[in-house]
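The next block holds one structure in the form of structure tokens; read it before the comments.
None of the figures in this text is laboratory data; all of them are computed from the coordinates on show. Being a predicted model, the structure only gives us computed values, none of them experimental. Glycine gets a Cβ as well: all are built from the backbone with ideal geometry, and neighbour counts include every protein chain shown.
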């Protein structure tokens, strides 16, 4: 078994072309990332090298990666639970706004945030003075 490395200059050009094909919308989703890593593997480019290549092109193009935004969303949502043990609609909307500002599509941001909250079994607060509505259930 041979160790993967940086690949040849030609292999790197091929991978950069694939990466650049993913960034016109300034957002690389997980499916696109998986495709990039598969191509890198086929070109004998190591995962850390491919990661560095993606980061390089994203930085130059002002592009966002879903995997990085998802990590930030988890940190933010967790922080929202620290004051009262639950996430209210305003806090949740703030996190969604952050994701959208980083070019994550709103529907993806909602799906990812809902999954993070459910995965960690964090509580959400119902909204409304007289009739409490479960805004979180409406998102699921």
Report task. State, to one decimal in nm, how far the label point of residue 16 lies from the label point of residue 118, with both points 7 Å from Cα in the Cβ direction. Result -> 4.2
Query - Most fluctuating residue given options 121, 29, 11, as computed from a GNM of the chain linking Cα atoms under 10 Å - result: 121
Query raised in the report: Any idea how far apart residue 31 and residue 47 come out in nm if each label point goes 7 Å out from Cα toward Cβ?
Result: 2.2
Query raised in the report: Using Cα atoms only, what is the angle between the long axis of helix 9-22 and the major principal axis of the chain, expressed in degrees (0 to 90) to the nearest 10?
Result: 30
Report summary line: Relative contact order in percent for segment 1-127 (Cα pairs under 8 Å, 6+ apart) equals 24
Query raised in the report: Roughly how tilted is helix 106-119, in degrees to the nearest 10 and between 0 and 90, from the longest Cα axis of the chain?
Result: 70
Query - Computed label-point distance, nm, for sites residue 56 and residue 6 using a 7 Å Cα→Cβ extension - result: 0.8
Report task. Kindly provide the pair-distance distribution of segment 9-62 built from C-alpha pairs, with 10 Å bins from 0 and whole-percent values in order of increasing distance. Result -> 26, 62, 11
**Report entry** Helix 89-101 axis, angle to the chain major axis (alpha carbon atoms, nearest 10°)
**Finding:** 20
Report task. May I ask for the equivalent-ellipsoid semi-axes of the chain, computed as the square root of five times each C-alpha gyration tensor eigenvalue and listed largest first in whole Å? Result -> 38, 14, 11
Query raised in the report: Could you work out the helix-only [θ] at 222 nm for the chain, with each DSSP H run of four or more residues adding -39,500 (n - 2.57) and the total divided by the number of residues, to the nearest 500 deg cm²/dmol?
Result: -20000 deg cm²/dmol
